[in-house]
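To start, the structure under review is shown below, and the notes come after it.
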Amino acid sequence: MAEQPSGMNLKAIGIVRNDVKQPVRHGWREVVSDIVVDSNLAEALDGLDEFSHIIILYWMHRLTPGRKLPLKVHPMGKPELPLMGRFATRSPSRPNPVGQATVRLLERRGNTLKVKGLDAIDGTPVIDIKPYIPGYDSATGAKAPRWTTNH
């Protein structure tokens, strides 16, 4: 087991607000959400609206903590896809339920960011926000298994 750094603590910096009350598998690309950031952190958003896309890290708070997770799963829950190690999939059930999404930033209003394409339900805690920097956040020559594009 990897040693856990002492004092490893996460705190929410904001919360997702949208009309999605239950997780869904598809249709996230068109979902528009507000990310309401703690008002004490509003100045930390300065300059973010110069970016077309941002990266949101969030805590999938509705997953059951402490349950035993299989080490291998079929991607997207589809038995016709190959059995893969959990870390080789985007399965939401993980040892630490951290979600990540690159989303389009539509606008900033004070401490609220309006985004499109965030795959998080209403009430999801946001733990970090980063700008998407082309060239830095995209890998040249990246490859992935065929099943990632044929679904």
Unmet criterion (only one of (1) loosely packed, with under 15 Cβ neighbours inside 10 Å; (2) over 17 Å from the mean Cα position of the chain (by Cα); (3) touching a residue at least 12 places away in the same chain (Cβ under 8 Å)) for Lys68 = (3)
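To keep it simple, each residue is scored yes or no on (1) farther than 17 Å from Arg17 by Cα; (2) without any contact (Cβ under 8 Å) to a residue 24 or more places away in the chain.
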{"position": "Gln100", "(1), (2)": "no, no"}
{"position": "Leu105", "(1), (2)": "no, no"}
{"position": "Arg109", "(1), (2)": "no, yes"}
{"position": "Leu113", "(1), (2)": "no, no"}
{"position": "Lys116", "(1), (2)": "no, no"}
{"position": "Ala120", "(1), (2)": "no, no"}
{"position": "Ile127", "(1), (2)": "no, no"}
{"position": "Tyr132", "(1), (2)": "yes, no"}
{"position": "Ala142", "(1), (2)": "yes, yes"}
Segment 78-145: strands (runs of 3 or more DSSP E) wholly inside it with 1 or more residues that are within 26 Å of Phe51 (Cβ to Cβ) and acidic (Asp, Glu) are 98-109, 125-131
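Here, each number is a calculation from the coordinates, and none is a lab measurement. Not measured: the values here are computed from a predicted model. Cβ coordinates were reconstructed from backbone atoms using ideal geometry, including for glycine residues, and neighbour counts include every protein chain displayed.
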